[in-house]
1. Would you mind stating whether Tyr170 is modelled with pLDDT of 95 or more, in contact with an Asp or Glu (Cβ under 8 Å, 6 or more places away or on another chain) and of a type in the set (Ser, Thr, Tyr)?
2. Within the stretch 153-183, how many residues turn out to be surrounded by 19 or more Cβ atoms within 10 Å (Cβ to Cβ) and hydroxyl-bearing (Ser, Thr, Tyr)?
3. In the stretch 10-30, what residues are exposed (fewer than 13 other Cβ atoms within 10 Å of the Cβ) and at pLDDT below 65?
4. Restricted to the stretch 51-67, and to residues that are touching a residue at least 60 places away in the same chain (Cβ under 8 Å) and more than 26 Å from Gly180 (Cβ to Cβ), which residue is nearest to the chain's Cα centre (by Cα)?
5. Given the condition among the hydroxyl-bearing types (Ser, Thr, Tyr), more than 14 Å from Gly208 (Cβ to Cβ) and away from the ligand (no atom under 11 Å from the Cβ), answer yes or no: does some residue in the stretch 268-281 qualify?
6. Considering only the stretch 221-236, how many residues are in contact with a helix residue (DSSP H, G or I) (Cβ under 6 Å, 6 or more places away or on another chain) and under 20 Å from Cys90 (Cβ atoms)?
7. Report the residue count in the stretch 191-242 for those that are closer than 18 Å to Gly255 by Cα and among the polar types (S, T, N, Q).
8. Given the criterion within 16 Å of the chain's Cα centre (by Cα), charged (D, E, K, R) and either under 16 Å from Lys171 (Cβ atoms) or within 13 Å of the ligand (Cβ to nearest atom) (or both), identify the matching residue among Lys95, Lys48, Lys88.
Amino acid sequence: MESQKDVSKTESVNGLSNALNKNSEDIEFATESLAIIRNDILNLNSIKEGSVDLIVTSPPYNLDIKYGEYSDELPYEGYLEFTKKWLKKCYTLSKESGRLCLNIPLDKNKGGPQSMYADITEIAKSVGWRYHSTIIWNEGNISRRTAWGSWLSARAPYVIAPVEVIIVLYKGEWRKRETGLSSITPKEFIEWTKGVWTFNGESKIKIGHPAPFPVELPKRCIKLFSYVGDIVLDPFLGSGTTLIACSNENRIGIGVDIDKNYCKLAIERLKKIGVLQSKLEA
Ligand SMILES: C[S@@+](CC[C@H](N)C(=O)[O-])C[C@H]1O[C@@H](n2cnc3c(N)ncnc32)[C@H](O)[C@@H]1O
């Protein structure tokens, strides 16, 4: 176990500097293995193209959630255009062996029913991502129900699945050419490759962000789909959950959020778990 930590530490120092462009003004926080960047993912220049091993993220869902800087109620077509742009940007930031774990709802009912999962999968493929599989996240403690439509009548009943999905995509080839150290246990591997994950969502009040996911989600993606010391990016970092998982699992983590207050929140959460701020070596 000790040697595993040593490997990731040495690789971290080089890895993070290799992935970030020097003198980037938008880096809010950096240690030798974690960085938080405040920027619009669409305008981002501080991460080098072709440098990221794994992206784990949950973008805004366009459900009129009250975020700070970002308006979460675009017309559906506009939302899909935004989705296409950021998926393309992430594609350029990924290595050839790069992967993307994309957490979104299955369907959306607010403002009229939409097949979000189907639409976003098609868009991802149209910008170059290849489809690998879909994990169903059976979120134990949520109810997506807002109305019955027509109670006990076939007139217009609503059907809504209380689940989200994690679409697993990749850039070049699914089978990695490079070897590396995996940190997943046999029990985790058997459980998590089943493709239906059951664990609770995270409390907005406890975290202080309107839509956090639980650490369990990026933790599973990171352990299943990346090697120790790999570079993991979350382009919609929010409260910093993905970087907490990176820190726990010895991965190099880069998070981007457009909102200054969420960047601050993410920094506070990292400090609480003992991650210290330091100047990144140029
Ligand atoms: C669903 S939340 C992510 C929550 C995160 N997974 C967590 O656990 O806290 C989406 C985040 O994307 C951010 N955001 C929205 N538009 C953005 C953009 N264009 N570039 C970067 N961040 C953006 C919002 O400020 C919000 O914090």
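1. no
2. 1
3. Of everything in the stretch 10-30, just one residue is exposed (fewer than 13 other Cβ atoms within 10 Å of the Cβ) and at pLDDT below 65, namely Thr10.
4. Applying the filter and picking the extreme gives Pro59.
5. Looking for residues that are among the hydroxyl-bearing types (Ser, Thr, Tyr), more than 14 Å from Gly208 (Cβ to Cβ) and away from the ligand (no atom under 11 Å from the Cβ), one finds at least one in the stretch 268-281, hence yes.
6. Final tally of qualifying residues: 6.
7. Total meeting the criteria: 4.
8. Selected residue: Lys88, the only one of Lys95, Lys48, Lys88 that is within 16 Å of the chain's Cα centre (by Cα), charged (D, E, K, R) and either under 16 Å from Lys171 (Cβ atoms) or within 13 Å of the ligand (Cβ to nearest atom) (or both).
The values are calculated or read from the model by the stated rules, or taken from the named source; none is laboratory data. The model shown is predicted, which means the values in this text are computed figures rather than measured ones. Reconstructed Cβ throughout: ideal geometry from the backbone, glycine too, with neighbour counts over all protein chains shown.
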